[in-house]
Amino acid sequence: MKRPLIITIIVIIVVIAIGGYLYLSKQTPEEQAAKALEESLQSATGGTLPSFATPENPLENVPEINPIDKTNPFKDGYKNPF
């Protein structure tokens, strides 16, 4: 008779301890959002920007792709006197 009583008391204590831990560790959605925002800010500011030795202008060495300038047979033929 004494043994089931002791087991029941131990089970009740364990259940109360687990329930209390889960209740106290629960976070509200606002706290979770604040924590997520803080973590994302830490990861965003933790990185470094790449450094470039010499900036390159992509429009410097553009090939001539206008076909009219290359194929116009009358380009040098007639000069307007006016």
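The values are calculated or read from the model by the stated rules, or taken from the named source; none is laboratory data. Remember, predicted model here, so these are calculated numbers, not experimental data. With ideal geometry, Cβ positions are generated from the backbone for all residues, glycine too; neighbour counts draw on all protein chains shown.
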- [ ] Would you be able to tell me the number of residues in region 1-10 that are of a type in the set (D, E, K, R) and surrounded by 10 or more Cβ atoms within 10 Å (Cβ to Cβ)?
- [x] 0
Open item on the list: Six or more apart or on different chains, Cβ atoms under 6 Å: show the pairs whose first residue is in region 11-25 and surrounded by 10 or more Cβ atoms within 10 Å (Cβ to Cβ) and whose second is among the polar types (S, T, N, Q) and part of a helix (DSSP H, G or I).
Closed with: none
- [ ] Scan the helices (runs of 4 or more DSSP H) fully inside the chain and keep the ones with 1 or more residues being modelled with pLDDT under 80 and over 34 Å from the mean Cα position of the chain (by Cα).
- [x] 67-71
